[in-house]
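Asker: Supplied in structure tokens, the structure appears directly below.
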Ligand SMILES: *Cc1c(COP(=O)(O)O)cnc(C)c1O
């Protein structure tokens, strides 16, 4: 049976269900599989003939050995079915030119790629409660930079034995994102704006998690805290699937031959999405370079180039808010693997990050980073230019986050001359960020919020995602704002 250990304590050994239930290890480390299952050419050939749901069950079963493949297939059917996803392909590839493909991950209920994991996690968690004999109600706390919160609520709404409370930075999300969150339905959901930026909200949630007295008080009320942030293994694993699936689609469509390498270019914030691509490569998927695309908050670009992670820098609010992050939590899992699973070394880096806001990795890790990754960033002007260029040249409309990846991919190719077929990842529908997308294609946004959906539709003739169109006329249900120091009380109130 596959066991999970902590990046800060490799002697810990818990089951997959326990790892999903806990979200984060008690020692502050990230729960991580003790070994990485291997796949081969036969596996990929088999998968290339299967549906996305079947691919999901086969890949996830390799890691979650305490769930059956049938069980996982049932979850995948619920997560990615026609009532949730607007295309049977679920995560379709769009060919942009001979060697460039775009992996569209936003065809789910909230029009962002977070749905890929958050339609799955609640089902994994709900089953985990049964598997571990848990009788408490799980309360999910989420700090969101915009997309996670909505996607998590949509996944957890109405799921028995769960509640969910979402914190978002008051002025750090788009109007459509805010409208999506404050209109969320469901009796077990709560939403609160935090005065500050995403890191403030995330630090607040982390503080609550690491407060033993608060946990104790909540336990007495029958609640157990857990996380749906991308530090939960149940978030990373469903994301591993779509990289393998994209490769299988390229195989099936004759774009590549078995064994050919493919690069992935991923717009990155918390390092979750690109970490999933790293796992796919470690499993044996033929991956060339992993191109890590950041916006103006370029802490990861510097890290990949120098080996120094330094969060002591200005925080920028950008038009790709889901990537406005200075502390990329999932990087800890990469450090764990690249250090040869050296928990003491990881603890050292994380202590230094907590104390000084920076750390420098070993030469061994530096050379592994250079080998497998390439980091670049795309500023605001570059983001706008990438949207305009792809729309003008190819008639393809992308959102601001995807544009960061497109911009960085262009830099990468210019700088390296690498011709390897490349998939860049599209993480949100352009309709989630109408104002910036309209401006980028030369339109003047008129009005605000959800009215812009119609304007973008009129200007481009592309389809408005069904659920976003339905936001118009939906009633606002939540109106709570808190200082970050008050977040504990918000949680205590919610779980009265
Ligand atoms: C969350 C998000 C990202 C960043 O993903 P990470 O897993 O945090 O790296 C990129 N684009 C969009 C639209 C997102 O919602």
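Asker: Quick one: count up the residues across the stretch 293-323 that are within 10 Å of the ligand (Cβ to nearest atom) and surrounded by fewer than 21 Cβ atoms within 10 Å (Cβ to Cβ).
Answerer: Residues of the stretch 293-323 that are within 10 Å of the ligand (Cβ to nearest atom), as a first pass: 293-295, 300, 320-323.
Add one more test, that the residue is surrounded by fewer than 21 Cβ atoms within 10 Å (Cβ to Cβ), and what stays is none.
Adding up the residues that qualify gives 0.
Asker: Examine the stretch 77-84 for a residue that is within 16 Å of the ligand (Cβ to nearest atom), at pLDDT 95 or above and in contact with a helix residue (DSSP H, G or I) (Cβ under 9 Å, 6 or more places away or on another chain), and state whether such a residue exists.
Answerer: Looking through the stretch 77-84, none of the residues is within 16 Å of the ligand (Cβ to nearest atom), at pLDDT 95 or above and in contact with a helix residue (DSSP H, G or I) (Cβ under 9 Å, 6 or more places away or on another chain).
Asker: Return a yes/no flag: does the stretch 62-72 have any residue that is crowded, with 17+ Cβ neighbours inside 10 Å and free of Cβ contacts under 8 Å to residues at least 24 places away in the same chain.
Answerer: There is at least one residue in the stretch 62-72 that is crowded, with 17+ Cβ neighbours inside 10 Å and free of Cβ contacts under 8 Å to residues at least 24 places away in the same chain.
Asker: Here's another thing I want to ask about it. When only residues in the stretch 232-268 that are crowded, with 24+ Cβ neighbours inside 10 Å and assigned to a loop (DSSP other than H, G, I, E, B) count, which is nearest to the chain's Cα centre (by Cα)?
Answerer: 268
Asker: Can you pull out the residues in the stretch 453-496 that are within 20 Å of residue 181 (Cα to Cα), in contact (Cβ under 8 Å) with a residue 24 or more places away in the chain and in a helix (DSSP H, G or I)?
Answerer: The answer is 453, 466, 467, 468, 484, 487, 490, 491, 494.
Asker: What's the total number of residues in the stretch 147-178 that are in contact with a strand residue (DSSP E or B) (Cβ under 7 Å, 6 or more places away or on another chain) and within 16 Å of the ligand (Cβ to nearest atom)? Walk me through it before giving the result.
Answerer: Just the residues of the stretch 147-178 that are in contact with a strand residue (DSSP E or B) (Cβ under 7 Å, 6 or more places away or on another chain), to begin with: 147-149, 151-153, 156-157, 161-170.
Next cut, within 16 Å of the ligand (Cβ to nearest atom) only: 147-149, 151-153, 166-169.
So the answer is 10.
Asker: Here is a further query. Please identify the pairs in which a residue from the stretch 168-186 that is at positive phi has its Cβ atom under 7 Å from the Cβ atom of a residue that is buried (at least 18 other Cβ atoms within 10 Å of the Cβ) and in a helix (DSSP H, G or I), counting only partners at least 6 apart or on another chain.
Answerer: Sorted first by the residue in the stretch 168-186, then by its partner, the pairs are 186/153.
Condition check ((1) farther than 20 Å from residue 111 by Cα; (2) out of contact with any strand residue (DSSP E or B) (no Cβ under 9 Å at 6 or more places or on another chain)) across all residues:
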site: 398; (1), (2): no, no
site: 401; (1), (2): no, no
site: 410; (1), (2): yes, yes
site: 416; (1), (2): yes, no
site: 421; (1), (2): yes, no
site: 425; (1), (2): no, no
site: 437; (1), (2): no, yes
site: 441; (1), (2): yes, yes
site: 459; (1), (2): no, yes
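Asker: If you check residue 93 against the conditions, is it out of contact with any strand residue (DSSP E or B) (no Cβ under 6 Å at 6 or more places or on another chain) and surrounded by 15 or more Cβ atoms within 10 Å (Cβ to Cβ)? Give the derivation first.
Answerer: On the way: out of contact with any strand residue (DSSP E or B) (no Cβ under 6 Å at 6 or more places or on another chain): no; surrounded by 15 or more Cβ atoms within 10 Å (Cβ to Cβ): yes.
No: the conditions fail for residue 93.
Asker: Of the conditions (1) within 16 Å of the ligand (Cβ to nearest atom); (2) buried (at least 20 other Cβ atoms within 10 Å of the Cβ), residue 365 clears all except one; give me its number.
Answerer: Residue 365 satisfies every listed condition except (1).
Asker: For a quick check of your reading of the model, give me the residue pairs whose first member lies in the stretch 282-300 and is free of Cβ contacts under 8 Å to residues at least 24 places away in the same chain, whose second is outside any helix (DSSP H, G or I), with beta-carbon atoms closer than 9 Å and at least 6 apart or on different chains.
Answerer: none
Asker: Applying the selection to the stretch 307-320, what residues are touching a strand residue (DSSP E or B) at 6+ places or on another chain (Cβ under 8 Å) and at negative phi? Lay out the reasoning, then the answer.
Answerer: Here is the first cut: in the stretch 307-320, the ones touching a strand residue (DSSP E or B) at 6+ places or on another chain (Cβ under 8 Å) are 307-312, 320.
Matches in the stretch 307-320: 308, 309, 310, 311, 312, 320.
Residue-by-condition table, conditions (1) without any contact (Cβ under 8 Å) to a residue 40 or more places away in the chain; (2) within 14 Å of the ligand (Cβ to nearest atom); (3) assigned to a helix (DSSP H, G or I):
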position: 337; (1), (2), (3): no, no, yes
position: 396; (1), (2), (3): no, no, no
position: 410; (1), (2), (3): yes, no, yes
position: 423; (1), (2), (3): no, no, no
position: 432; (1), (2), (3): no, yes, yes
position: 443; (1), (2), (3): yes, no, no
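Asker: Let me ask something else about it. Could you tell me whether any residue of the stretch 269-292 is over 18 Å from residue 366 (Cα atoms), outside any helix (DSSP H, G or I) and within 12 Å of the ligand (Cβ to nearest atom)?
Answerer: yes
Asker: Name the one entry in 438, 453 that is at pLDDT below 95 and either more than 16 Å from the ligand (Cβ to nearest atom) or surrounded by 16 or more Cβ atoms within 10 Å (Cβ to Cβ) (or both). Reasoning before the result, please.
Answerer: Details: 438 fails: at pLDDT below 95.
Exactly one residue qualifies, and that residue is 453.
Asker: Report yes if some residue within the stretch 210-217 is within 16 Å of the ligand (Cβ to nearest atom) and either assigned to a helix (DSSP H, G or I) or under 24 Å from residue 63 (Cβ atoms) (or both); otherwise report no. First the steps, then the outcome.
Answerer: The initial filter retains those residues of the stretch 210-217 that are within 16 Å of the ligand (Cβ to nearest atom), namely none.
No, the stretch 210-217 contains no residue that is within 16 Å of the ligand (Cβ to nearest atom) and either assigned to a helix (DSSP H, G or I) or under 24 Å from residue 63 (Cβ atoms) (or both).
Asker: Has the stretch 474-484 got at least one residue that is modelled with pLDDT under 95, under 27 Å from the mean Cα position of the chain (by Cα), more than 16 Å from the ligand (Cβ to nearest atom) and within 28 Å of residue 271 (Cα to Cα)?
Answerer: yes
Asker: Restricting to the stretch 102-134, what's the tally of residues that are surrounded by fewer than 24 Cβ atoms within 10 Å (Cβ to Cβ), in contact (Cβ under 8 Å) with a residue 40 or more places away in the chain and more than 16 Å from the ligand (Cβ to nearest atom)?
Answerer: Qualifying residue count, the stretch 102-134: 6.
Asker: Hey, any hits in the stretch 170-177 for a residue that's surrounded by 21 or more Cβ atoms within 10 Å (Cβ to Cβ), in a helix (DSSP H, G or I) and more than 18 Å from the chain's Cα centre (by Cα)? Steps first, please.
Answerer: Within the stretch 170-177, the first condition is being surrounded by 21 or more Cβ atoms within 10 Å (Cβ to Cβ), and the residues that meet it are 172-174, 176-177.
In the following step, the residues that additionally are in a helix (DSSP H, G or I) were identified as 176-177.
Restricting the remaining residues to those that are more than 18 Å from the chain's Cα centre (by Cα) gives 176.
The answer is yes, given that some residue of the stretch 170-177 is surrounded by 21 or more Cβ atoms within 10 Å (Cβ to Cβ), in a helix (DSSP H, G or I) and more than 18 Å from the chain's Cα centre (by Cα).
Asker: Checking residue 402 against (1) in contact with a helix residue (DSSP H, G or I) (Cβ under 7 Å, 6 or more places away or on another chain); (2) buried (at least 19 other Cβ atoms within 10 Å of the Cβ); (3) touching a residue at least 60 places away in the same chain (Cβ under 8 Å): exactly one of these is not met. Which one?
Answerer: Unmet condition: (1).
Asker: Also, quick follow-up: Can you confirm whether residue 40 is surrounded by fewer than 16 Cβ atoms within 10 Å (Cβ to Cβ) and either touching a helix residue (DSSP H, G or I) at 6+ places or on another chain (Cβ under 8 Å) or modelled with pLDDT under 95 (or both)? Full working, then the answer.
Answerer: Values: surrounded by fewer than 16 Cβ atoms within 10 Å (Cβ to Cβ): yes; either touching a helix residue (DSSP H, G or I) at 6+ places or on another chain (Cβ under 8 Å) or modelled with pLDDT under 95 (or both): no.
In short, no.
The values are calculated or read from the model by the stated rules, or taken from the named source; none is laboratory data. Keep in mind that what you see is a predicted model, and the values were worked out from it rather than measured. Counting neighbours? That spans all protein chains shown, and the Cβs are built from the backbone with ideal geometry, glycine included.
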